Amino acid sequence: MHNVTLNNGVEMPILGFGVFQIPDNETQAAVEAAIAAGYRHLDTAASYGNEEAVGAAIKASGVAREDLFVTTKLWIQHAPTGNVQDDSKRAFENSLTRLGLDYVDLYLIHQPLGDYYSEWRAMQDINKEGRARAIGVSNFHQDRLVDLIDHNEIVPAVNQIETHPFHQRAEDQALMIERGVQIESWGPFAEGKNGLFTNETLAAIGKSHGKSVAQVVLRWLIQRNIVVIPKSVRPERMAQNLDVFDFTLTEEQMGAIAGLDTGDSQFFDHRDPAMVGWLGGRRYN
Ligand code: NDP
């Protein structure tokens, strides 16, 4: 497995396993299968409602804690105590308890909404205490990322954003490189939207390497030095999605995939007022 080195020296496997939308009662089996297949990097969130099941799978796997890289995410805090910083620390303790861990490898602010400056100050403390080896953000557009960096002590190690062949984020990545932030893709397959798995360009490239569309997409992201966390509940696909280190896309193939960019989300825009209201109304602690 290849690693990327984050801005604080922490090593992060470039390929991991995402568990969004895996029902709680199926998550333990899926994560156990993923670890058995060889995944050592797991991506969950308080809002996914399956941290306990991820923790149970980690325990059942018998793999040493230090050999795993575990990410979870802080949901938008609503300050029932009137202090977002305190509530963020409480939410972190709740995530650790549900995971059955005494530290995480990466803790992310899930959404660029609400009082995320106070959330970030809590994260900085958690990082200094060594209870999150690295801290970062998710779904931050360029303006908010720069502002957060410029007005705080610790530069986010990671920004996890929607990134796939139809929304390639080249400008976002260039800014992140300039600012020392590692880009991580969520939704590497766009959850299959826009016919991704039957896309002719991707299929033809796959055929030339004896690989599937999914493998071409993951390889393309990895060749761009983007961390990927594909999700699957099927063991054969888990194995397939890991098997992307024995071929290389040519410059021409990278260029052909670059031509698939639409520059737009396949899901929603975090700057859409209706979405800001909807996300802001949800509660996970
Ligand atoms: P993905 O783009 O990873 O797509 C998952 C879908 O692809 C599932 O329907 C899966 O089906 C299918 N699939 C997986 N592998 C293959 C394959 N080899 N061939 C064909 N189909 C395949 O979507 P996600 O939204 O799950 O994104 C990945 C991860 O990113 C999440 O699990 C989560 O950890 C993170 N994420 C973070 C967000 C954020 O706001 N920070 C938002 C969304 C996701 P099946 O399971 O049946 O195999």
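Only one of the numbered conditions (1) under 21 Å from R237 (Cα atoms); (2) assigned to a strand (DSSP E or B) is violated by V4, and that is (1).
Scanning region 177-204 for residues that are open to solvent by 30 Å² or more (accessible area, probe 1.4 Å), in contact (Cβ under 8 Å) with a residue 40 or more places away in the chain and in a helix (DSSP H, G or I) yields E191, K193, N194, T201.
All conditions in (1) farther than 22 Å from V227 by Cβ; (2) within 16 Å of the ligand (Cβ to nearest atom); (3) open to solvent by 10 Å² or more (accessible area, probe 1.4 Å) hold for I76, with the sole exception of (3).
Going through N83, N139 one at a time, which residue ends up being at pLDDT 95 or above and of a type in the set (S, T, N, Q)?
On the way: N83 fails: at pLDDT 95 or above.
Exactly one of N83, N139 is at pLDDT 95 or above and of a type in the set (S, T, N, Q), namely N139.
Go through region 56-73 and count every residue that is within 16 Å of the ligand (Cβ to nearest atom) and more than 22 Å from P230 (Cβ to Cβ).
The qualifying residues number 0.
Cβ-Cβ contacts under 7 Å between residues 6 or more apart (or on different chains), taken from a first residue in region 154-171 that is closer than 21 Å to N3 by Cβ to a second residue that is among the basic types (K, R), are listed as V155/R179; I161/R169; T163/R169. Comparison of A53, A45 shows that the only residue that is small (G, A, S), within 16 Å of the ligand (Cβ to nearest atom) and farther than 21 Å from Y116 by Cα is A53.
At positive phi and without any contact (Cβ under 8 Å) to a residue 24 or more places away in the chain, is that true of G82?
Working: at positive phi: yes; without any contact (Cβ under 8 Å) to a residue 24 or more places away in the chain: yes.
In short, yes.
Of the residues making up region 14-60, those that are without any contact (Cβ under 8 Å) to a residue 60 or more places away in the chain and open to solvent by less than 40 Å² (accessible area, probe 1.4 Å) number 13.
Here region 26-42 is the region considered, the condition is being in a helix (DSSP H, G or I), of a type outside the set (G, A, S) and within 12 Å of the ligand (Cβ to nearest atom), and the residue that is farthest from L74 (Cα to Cα) is E26. Taken over region 217-242, the criterion of being surrounded by 24 or more Cβ atoms within 10 Å (Cβ to Cβ) and more than 10 Å from the ligand (Cβ to nearest atom) is satisfied by R219, W220, L221, V227.
Scanning region 205-216 for residues that are open to solvent by 10 Å² or more (accessible area, probe 1.4 Å) and under 12 Å from I257 (Cβ atoms), we see that the one that is nearest to the ligand (Cβ to nearest atom) is V213. Restricting attention to region 128-153, the residues that are within 27 Å of L101 (Cβ to Cβ) and touching a residue at least 40 places away in the same chain (Cβ under 8 Å) add up to 6.
How many residues are touching a residue at least 24 places away in the same chain (Cβ under 8 Å) and surrounded by fewer than 21 Cβ atoms within 10 Å (Cβ to Cβ) when one looks only at region 61-73?
Step one: filter region 61-73 for residues touching a residue at least 24 places away in the same chain (Cβ under 8 Å), giving 61, 63, 65, 67-73.
Filter once more, so that each one left must be surrounded by fewer than 21 Cβ atoms within 10 Å (Cβ to Cβ): 61, 63, 65, 67-68.
Residues meeting the conditions: 5.
The values are calculated or read from the model by the stated rules, or taken from the named source; none is laboratory data. Quantities reported herein were computed from a predicted structural model and do not represent experimental measurements. A quick note on method: Cβ atoms are made from the backbone with ideal geometry, for glycine too, and the neighbour counts reach across all protein chains shown. Areas reflect the complete protein model, heavy atoms only, side chains present, ligands, DNA and RNA absent. Shrake-Rupley method; radii C 1.70, N 1.55, O 1.52, S 1.80 Å.
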